[in-house]
Each structure stands twice: as structure tokens, then as C-alpha cells.
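Bear in mind that the values in this text are calculations on the coordinates, not laboratory data. Here the structure is a predicted model, which is why all the values come from computation and not from measurement. Because the Cβ atoms are built from the backbone with ideal geometry, glycine has one as well, and the counts that use them run over all protein chains shown.
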Amino acid sequence: MDRSEGPPDPAEVLERHALRDWVWSALEDLSPALQLVTMLRYFTDVTSYEDMAALCAVPVGTVRSRLHQARTRLVGALLASADRVHDDAAVRNGLHRRLAEETLAAAHRGRLASALSEWWSPQADVTWPTGKRTGVDCLPTAFDRDLSDGVRHELVNVVAGRKVVIWEAALRNPPDDPFHCPPGVVWVHFLDQGRVGELRLFHPRRR
């Protein structure tokens, strides 16, 4: 990185170097709350302040404040991390994409509970789009209900950090009930020692 022209603009760096290892090293230095809004804003389609606020269950002003804090902290972190040896962000993202594909494939075969047991904490919490909180045991039941109604989940995007992993999926409704489910769902996983300790599910607004 050329340091002769002053500090880098975090937004520009994130957009131009999304999977560069040193960018992800800087992101990992942020708290989970700051990392989440940054990942949503720059690496997913959940980019409106209103959607981010709804997913994070905070006011829009808090989202704006967190993004400002994240950008400010990233200036120093990007400069400090550019010359380090880093984890391979592209490899990590690829591994999590395969895991997402395998998990959804198992779910479509009615075996989601078995798939989740391999990388989820048994005490994991799930926050549903309605705001309701349950244990992870309710997730396979809800997925099976979608399947019986003819709904399929199609993976669109995966963004993976060491602490936060985001899946974006399209929901394909049956032809005879095209508005059964919203068009998409976002899965936000919070990891604790490599296992999912919390999941937030969110339906972005129709565009």
C-alpha cells in the first residue's frame, strides 16, 4: 500500500479489495457489532440503513454510528495490517460456502438437524425475522415446514469472517403460491470457537 498520500479511505479499500487477506485481517480487529454492519454494507445486498437496523435490532442512528466508528478504526487497522502475514480470506470464504451448500442440501433432504449438530453449539440461540428467540432445535422443524409447502432455499452469497458468517439465500416459492415466503432470507451466524453460538434470520425488504 502506498502510504505517501495519507490514510486510505476504508470504503474504497473494502470495495476494491473485498477478498484481500490484509483487508480481512483489519476487519477481524473490529468488534462483532462493528464487523457485522461493515460486512453487511460492503459485502452483501443488505445495504440500506433500514434493513441493517432491522437485522441488528437497533435504531438507524446506531447503524450510522457503528459504520462511522468502523471506518475510523479501519483507517489505522488497514495501515497496520497491510504488511503482515495473514490468513487466506478467499480459502476461508470458500470453505464456508461449501459448508453452506452442504448444509442446505442436507436440509432439502430432511436432514438439517444432523448437519447442524456438526458445527453448531447445542445451546445456540436463533432469532427469527419476527424477533422471536428460540433454541436451535426449532430450526429443522421450520425448514421442514417450508419444504412441505414447496419452498426451496437457493444459496446466493456467503461472506465469512472468523467471528461472523453471513449467508444470503433466495426463497423459491411454489408456482401456485408465489408469495408464500418473502423473496430472500439472510442467515447471520455468530461463531464461538468455530461453532455457531447464535443465528439471526432476516428477510430483506422487497426491491
Given charges at beta-carbon only (K, R positive; D, E negative), |dipole| of segment 121-188 in Debye: 380
What full-extension length gain, to one decimal in nm, is calculated for F179 and S31 as 0.36 nm per residue of separation minus the Cα-Cα distance? 49.6 nm
Whole number please: convex hull volume per residue, Cα atoms of segment 89-202, in Å³. 91
Sorted by average packing, counted as other Cβ atoms within 10 angstrom per residue and highest first, what order do 62-73, 127-138 take? 62-73, 127-138
If we restrict to alpha carbons, what Rg and Dmax does segment 24-166 come to, in Å? 17.1, 52
In segment 89-202, what percentage of the DSSP-assigned beta bridges are antiparallel, given to the nearest 5? 85
